[in-house]
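**Student:** The structure that follows is given in the form of structure tokens.
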Amino acid sequence: MRLLVGLTAALAIAAPLGAQQSTPGERLPVVKYVLPNGMTFLFLRREGAPTVAFVTHFRAGGVDEWTGISGTAHLFEHMLFKGTRTIGTKNYPAELAIFPRIDAVADSLTAEFRKG
């Protein structure tokens, strides 16, 4: 996962290099740095470009789940946006009352989407 984060960042940084002339098989001077926690970064210096670009990628979602935990990412996604009695709300009782209506709309949209 951490390697994928770094590779994605390096590709995003290197993407503009496609506009530059290069020879087939030329190796780019990519520098790899790994933090003690395993998070990986790939760096590619571009001369003449006084800017920094990066991409962050996390392997978290339905596509990264395995048998036995499928649906967990989707559940967490929904729970994160519901808030709690003290976080993410201005009037919890009023918002709690409309959750079933919100879920019904989401379910009907999903049903329409699945019809094609």
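**Student:** What are the ³J(HN,Hα) values, in whole Hz, obtained from phi via the Karplus relation 6.51 cos²θ - 1.76 cosθ + 1.60 with θ = phi - 60°, for each residue of the range 90-101 in sequence order, with x given for Gly and Pro?
**Tutor:** 10, 8, 4, x, 5, 5, 4, 5, 9, 3, x, 5
**Student:** Run the dipole for the range 53-116 about the Cα centre, Lys and Arg Cβ at +1, Asp and Glu Cβ at -1, nothing else charged, and hand back the magnitude in debye, nearest 20. Kindly include the intermediate steps, with their values, before the conclusion.
**Tutor:** Numbers: 7 positive and 7 negative charges, 35 e Å.
Here the size comes out at about 160 debye.
**Student:** Is the shape of the range 62-115 rounded, prolate or oblate, going by the alpha carbon gyration tensor and its root eigenvalues a ≥ b ≥ c, with a/c under 1.5 for rounded and a/b larger than b/c for prolate? Intermediate results must be reported in sequence, preceding the final value.
**Tutor:** On the way: a/c = 3.60, a/b = 1.36, b/c = 2.65.
In terms of gyration-tensor shape, oblate.
All of the numbers you see were taken from the coordinates with simple rules; none came from a lab. These numbers come from a predicted model, not from an experiment. Virtual Cβ from ideal backbone geometry, glycine too; neighbours counted across all protein chains shown.
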